[in-house]
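The values are calculated or read from the model by the stated rules, or taken from the named source; none is laboratory data. Source: prediction; values computed, not measured. A quick note on method: Cβ atoms are made from the backbone with ideal geometry, for glycine too, and the neighbour counts reach across all protein chains shown.
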C-alpha cells in the first residue's frame, strides 16, 4: 500500500505550481497517504531536506499564489553535481545519495514537477528503482507527449497584455514596438500571444527569419497609412544563416543550461529602425511571464494534473508522465517523453537527443497566423 509520497520541483518557476502541490496533497489526504515536499528541488532531495504537507497549514490557501512554497532547483543535475574538493570544482554523480534518501525516508512515489530535463532525470531515477510520476511544468509549452503544460496560459496572457499596451504606444508615436518573450527552443508563447495581441510579425526559433521579409511587412503597412508595427520575438529566434543571441555563458557541467539568452529583440529592433526609418524600441518581458498569479485556466489545469498524478500513484501506475491528450487526462511512459535521450544523466534540451515539443510548420497556430497576415519572417 502507498503510505508516503514526495514532491519535487526543478527548473524555473511557473504559475500553477502551488495548485499542483495542493491537488496532490488533498488527494493524498483523502486516501490517508502522507505527503512531503523536498525543499529547493533536487538540492533538497540531496540534503534530505523536506517538509510535511498533508495535515498541515503549508498547503492551505496557496491555490492563487505564484511561485512554489517548497522552492525549486535550478541547474542542478544530481547525476553530474558540482562539488568543491581540495579547493577545486569537480563534478560527481550523487544520484545514489538521493536514491538512498528516498528509500530511508520510505517514500513510495516521487512526483517530479518540471520540464524536459526534469523528466529526463525522473526517467533516470526510475531506472534506479524509484517510483516516479512526472507532471509537465514549463511556460514554454515544450514538454513532449502532452497538449499543454501548466504555466503556459498565464505566460501567454501576460505577453498579450503587454502587446495591448505596446500597441497603443506604437500607434500614438508611429513606431515599431518589439516585444521579446521567452521561448528558448520553442515559439509557442510568441506565436499565440502574437495572434491574441494583434501583432504584425512573430519570429520564432523554428523558422529562421529573413529580416528583409519583416521590413517588407512594415513598409507594406506604411503604404496603406499604418505608420507603426508590433513585432513579437522569441528569445531563441535567429536570422537565416545566423545564430541565437547569447548574453552570457557559464561552466555548469553537462545536463544543465550553460548559456543565457538575451538580445534577440534588441537586434531586430535595431535593424528595423535602420532599414525602415521608423523609430524602433524593444521591450524584454523576461521574468514577468513566469511570476505572479496563475490564470483560472492554469489553476484548473494544474489541479487536474496534480489530482491525476496522485490517482495514478494510488493505482500503482509509476514511471509515467501525466499528460493531456485531446483534452483528456492520460499518461505516457517516461521513456516516450525522453525519446532518444537514453544516456543516464540529464541532457540539456534543444539537442538531437532531447524530445522537446516545438512548433511544427503545419500546426494550426502557424496556419492561422499566416491566414490573418502575420509575418513569420519567411
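Consider residue 207 carefully, then state whether it is touching a residue at least 40 places away in the same chain (Cβ under 8 Å), surrounded by fewer than 24 Cβ atoms within 10 Å (Cβ to Cβ) and not in a helix (DSSP H, G or I). Full working, then the answer.
Working: touching a residue at least 40 places away in the same chain (Cβ under 8 Å): yes; surrounded by fewer than 24 Cβ atoms within 10 Å (Cβ to Cβ): yes; not in a helix (DSSP H, G or I): yes.
Answer is yes for this residue.
Yes or no, residue by residue, for (1) within 30 Å of residue 223 (Cβ to Cβ); (2) in contact with a helix residue (DSSP H, G or I) (Cβ under 7 Å, 6 or more places away or on another chain); (3) in the same structural domain as residue 166 (by TED's automatic domain parsing):
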residue: 283; (1), (2), (3): yes, yes, yes
residue: 300; (1), (2), (3): no, no, no
residue: 304; (1), (2), (3): no, no, no
residue: 307; (1), (2), (3): no, yes, no
residue: 315; (1), (2), (3): no, no, no
residue: 319; (1), (2), (3): no, yes, no
residue: 323; (1), (2), (3): no, no, no
residue: 326; (1), (2), (3): no, no, no
residue: 329; (1), (2), (3): no, yes, no
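Is one or more of the residues making up region 243-258 within 18 Å of residue 142 (Cα to Cα), at pLDDT below 95 and outside any loop (DSSP other than H, G, I, E, B)?
Checked against the condition, which is being within 18 Å of residue 142 (Cα to Cα), at pLDDT below 95 and outside any loop (DSSP other than H, G, I, E, B), region 243-258 yields no hits at all.
Within region 186-204, how many residues are in a loop (DSSP other than H, G, I, E, B) and without any contact (Cβ under 8 Å) to a residue 60 or more places away in the chain?
Taking region 186-204 and keeping what is in a loop (DSSP other than H, G, I, E, B), we get 186-187, 197-200, 204.
Add one more test, that the residue is without any contact (Cβ under 8 Å) to a residue 60 or more places away in the chain, and what stays is 197-198.
The total comes to 2.
Can you pull out every residue in region 74-105 that is assigned to a loop (DSSP other than H, G, I, E, B) and more than 24 Å from the chain's Cα centre (by Cα)? Before you say what the answer is, go through the steps one by one.
Just the residues of region 74-105 that are assigned to a loop (DSSP other than H, G, I, E, B), to begin with: 74-80, 86-87, 93-94, 105.
86, 87, 93, 94, 105, listed by residue number.
Tell me yes or no: at least one residue of region 172-185 is over 30 Å from residue 1 (Cα atoms), assigned to a helix (DSSP H, G or I) and not assigned by TED's automatic domain parsing to the domain that holds residue 323. Don't jump to the end; show me each part of the working.
First, pick out the residues of region 172-185 that are over 30 Å from residue 1 (Cα atoms): 172-185.
From the residues that got through so far, the ones that are assigned to a helix (DSSP H, G or I) too are 172-173.
Checking which are not assigned by TED's automatic domain parsing to the domain that holds residue 323 leaves us with 172-173.
The answer is yes; a qualifying residue exists.
Only one of (1) surrounded by fewer than 24 Cβ atoms within 10 Å (Cβ to Cβ); (2) more than 25 Å from residue 15 (Cβ to Cβ) is not met by residue 78, so which one is it?
(1)
Residues being touching a strand residue (DSSP E or B) at 6+ places or on another chain (Cβ under 7 Å) and either farther than 19 Å from residue 121 by Cα or modelled with pLDDT under 95 (or both): count how many of those fall in region 307-320.
Keep residues of region 307-320 that are touching a strand residue (DSSP E or B) at 6+ places or on another chain (Cβ under 7 Å), which gives 308-309, 312-313, 317-320.
Filter again for either farther than 19 Å from residue 121 by Cα or modelled with pLDDT under 95 (or both), leaving 308, 312.
Total meeting the criteria: 2.
Which of the residues belonging to region 287-299 are without any contact (Cβ under 8 Å) to a residue 60 or more places away in the chain and either within 15 Å of the chain's Cα centre (by Cα) or surrounded by 16 or more Cβ atoms within 10 Å (Cβ to Cβ) (or both)?
Residues of region 287-299 that are without any contact (Cβ under 8 Å) to a residue 60 or more places away in the chain, as a first pass: 287, 296.
If the condition is that a residue be without any contact (Cβ under 8 Å) to a residue 60 or more places away in the chain and either within 15 Å of the chain's Cα centre (by Cα) or surrounded by 16 or more Cβ atoms within 10 Å (Cβ to Cβ) (or both), then 287 is the only one that fits.
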